[in-house]
1. Hey, could you check the stretch 192-209 for residues that are of a type outside the set (Lys, Arg) and exposed (fewer than 14 other Cβ atoms within 10 Å of the Cβ) and say which is nearest to Ala145 (Cα to Cα)?
2. Specify which of the listed residues (Gly185, Gly147, Gly158) is crowded, with 19+ Cβ neighbours inside 10 Å, more than 15 Å from ligand 1 (Cβ to nearest atom) and under 13 Å from the mean Cα position of the chain (by Cα).
3. Out of Glu137, Glu153, report the one residue that is surrounded by fewer than 24 Cβ atoms within 10 Å (Cβ to Cβ) and over 24 Å from Val96 (Cβ atoms).
4. Restricting to the stretch 89-132, name every residue that is in a loop (DSSP other than H, G, I, E, B), surrounded by fewer than 16 Cβ atoms within 10 Å (Cβ to Cβ) and aromatic (Phe, Trp, Tyr).
5. I'm trying to understand the selection: among the residues of the stretch 181-239, which are more than 13 Å from Val157 (Cβ to Cβ) and aromatic (Phe, Trp, Tyr)?
6. Could you tell me which of the residues Glu108, Glu137 is free of Cβ contacts under 8 Å to residues at least 12 places away in the same chain and either more than 23 Å from Arg36 (Cβ to Cβ) or not aliphatic (A, V, I, L, M) (or both)?
7. Just name the residue that is least open to solvent (accessible area, probe 1.4 Å) out of those in the stretch 43-52 that are of a type in the set (A, V, I, L, M, F, W, C) and more than 30 Å from Pro224 (Cβ to Cβ).
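The values are calculated or read from the model by the stated rules, or taken from the named source; none is laboratory data. On a predicted model such as this, the values are computed, not experimentally measured, just so you know. Note that each Cβ is placed from the backbone with ideal geometry, even for glycine, and that neighbours are counted across all protein chains shown. Keep in mind that these areas ignore ligands, DNA and RNA; they rest on the heavy atoms of the full protein, side chains included. Shrake-Rupley method; radii C 1.70, N 1.55, O 1.52, S 1.80 Å.
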Amino acid sequence: MLLTLLGSGDAVGTPKVGCRCPVCTEAVRSGRQRLRTSLLVQHAGKTILVDSTPDMRRQLLAAGGPVVDAVIWTHGHYDHYTGYGDFYRVQDPPPVYADPRTLDYAAEYFSFLAFARHPVEPYHPFDLFGITLTLVEMNHPPVSACGLVLEHEGFRVGYTSDTLASIPERSRELFAGVDLLFVDGIALPEIRLHKHMNYEEACRFAETVGAKDFRCVHLSHLIPWEMPHQGRDMESFEF
Ligand SMILES: [Zn+2]
Ligand SMILES: [Zn+2]
Ligand SMILES: [Zn+2]
């Protein structure tokens, strides 16, 4: 199973349009960037896309233009599903898997596209192309938001880009001891938010669930480029 982090940025990405902060200034100067957070999962000639961001077209081009066989939506926020429309006239819009509330909400936006909708209840594992996937409830008010656990040949990977640290115990148990964790670390350590973890909380979260390795994702433009443990666009991982 090959995982590629297609983007590591938050809802606005880095650089933020019009921002003159040091991180954005350096990004504009060097061409560095963080596209919106999304993960590509490839195995046995099949491709799964976790979240279809507003940057999806560019992200798929950067990944070599794979045909996407399935999409998973974690939740119904703009930065996680609205890129799906870019499948129009490119390929058959792939089937989408999401918890029922997310699926109903986001699919309505794409009424001009015919695609298969697969509602999946959290904590009910399902199989896609030999990978076992489980949606797990997160804490990202006010929407219903899920993280994901991917399992393949004894390796387990956890993914959550939008959540507070306080998640249901059942979800925490499923993240326990994962080989790799992608975790929401949107803000600088001194900033407390109502629906996201800051960088420090993300690092502590990874430690308390016992993740063997982790990358912070969904990073805001204020996170310096040299901060350790941050996910980098197009970084890949093989399990
Ligand atoms: Zn988001
Ligand atoms: Zn900035
Ligand atoms: Zn969100």
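1. Out of the qualifying residues, it is His194.
2. From the options Gly185, Gly147, Gly158, the qualifying one is Gly158.
3. Going through Glu137, Glu153 in turn, just one is surrounded by fewer than 24 Cβ atoms within 10 Å (Cβ to Cβ) and over 24 Å from Val96 (Cβ atoms): Glu153.
4. Phe112, Phe115, Tyr123
5. Across the stretch 181-239, the qualifying residues are Tyr199, Phe205, Trp225.
6. After applying the criteria, what remains is Glu108.
7. Across the stretch 43-52, the extreme among qualifying residues is Ile48.
Listed here are the residues, each with its yes/no results for (1) within 16 Å of ligand 3 (Cβ to nearest atom); (2) open to solvent by less than 40 Å² (accessible area, probe 1.4 Å); (3) in a loop (DSSP other than H, G, I, E, B); (4) touching a Gly at 6+ places or on another chain (Cβ under 8 Å).
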residue	(1), (2), (3), (4)
Leu3	no, yes, no, no
Leu6	no, yes, no, no
Thr25	no, no, no, no
Arg29	no, no, no, no
Val41	no, yes, no, no
Arg57	no, no, no, yes
